[in-house]
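As structure tokens, the structure follows; a few thoughts come after it.
The values are calculated or read from the model by the stated rules, or taken from the named source; none is laboratory data. All values reported here derive from a predicted model rather than from experimental measurement. Note that we place each Cβ from the backbone using ideal geometry, even for glycine, and neighbour counts take in every protein chain shown. All accessible areas refer to the heavy atoms of the entire protein, side chains included, with ligands and DNA or RNA removed. Shrake-Rupley method; radii C 1.70, N 1.55, O 1.52, S 1.80 Å.
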Amino acid sequence: MIKRALWQGRSPAIAGGVVMTLGEKLEQAVTERPDSRAPARVLQRLTGVPEHPGKQPLPVNWAMHFGQAALLGVLRSVMAQAELRGPAASAKFTVVRLTNDQILGNATGVGAPPRTWPRRERVVGVLHKAVYALTTGAVADALAARGGPGPGQRHAALRVGRRPGVGPLPHGAAHGR
């Protein structure tokens, strides 16, 4: 399952990153909000690369932007393989994506806690991460579904409904598809 998730995690991550970026560019064209250079500054601080305040290189910004999308896309693929699928799973994943940004931004001193942001910035941040999460989730879910029911679904099929007394699947039955 993990190997499959690692392999399949790339496509959802790329799709989510591209759709989120296109949405950000559209929103910025409408609102005239400037590009954020926070991703570049976070990556520079994490790697020890010298910062150049006022002019963060676009390739560094994109490397962090798409690097986070790629790494977290694998996690969403693992979720889908473990049958955490659909809009509810993508909503949970939105929180993971937002939390990842906050940990890295706040730990490096580049960002500040969202409660200190203007309301509009919070809404925009959540919206863009939700677009990423929903897109990544839709692709991850579709790829995972192609493999048929996973261990959790096979376990649930032992007895319909959530009932006591249904033990786990035998080890060999849990991992094979």
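Here are a few things to note about the model shown:
- Scanning region 27-36 for residues being open to solvent by 40 Å² or more (accessible area, probe 1.4 Å) and either closer than 18 Å to I103 by Cβ or acidic (D, E) (or both) gives a total of 3.
- Among the criteria (1) open to solvent by 80 Å² or more (accessible area, probe 1.4 Å); (2) within 19 Å of the chain's Cα centre (by Cα), the one L72 does not fulfil is (1).
- Residue match in region 102-109 (condition: in a loop (DSSP other than H, G, I, E, B) and either open to solvent by 20 Å² or more (accessible area, probe 1.4 Å) or among the hydroxyl-bearing types (S, T, Y) (or both)): yes
- Matching residues in region 63-91 - criterion: being free of Cβ contacts under 8 Å to residues at least 12 places away in the same chain and in a helix (DSSP H, G or I): A88
- Counting only residues that are open to solvent by 60 Å² or more (accessible area, probe 1.4 Å) and either touching a residue at least 24 places away in the same chain (Cβ under 8 Å) or of a type in the set (A, V, I, L, M) (or both), region 37-49 holds 5 of them.
- Scan region 138-156 for residues that are surrounded by fewer than 20 Cβ atoms within 10 Å (Cβ to Cβ), on the phi < 0 side of the Ramachandran plot and assigned to a loop (DSSP other than H, G, I, E, B) and the total you get is 3.
- Filter result (assigned to a helix (DSSP H, G or I) and either under 14 Å from T108 (Cβ atoms) or in contact with a strand residue (DSSP E or B) (Cβ under 6 Å, 6 or more places away or on another chain) (or both)) within region 48-62: V60
- Test: residue in region 83-93 that is open to solvent by less than 50 Å² (accessible area, probe 1.4 Å) and at pLDDT below 90: yes
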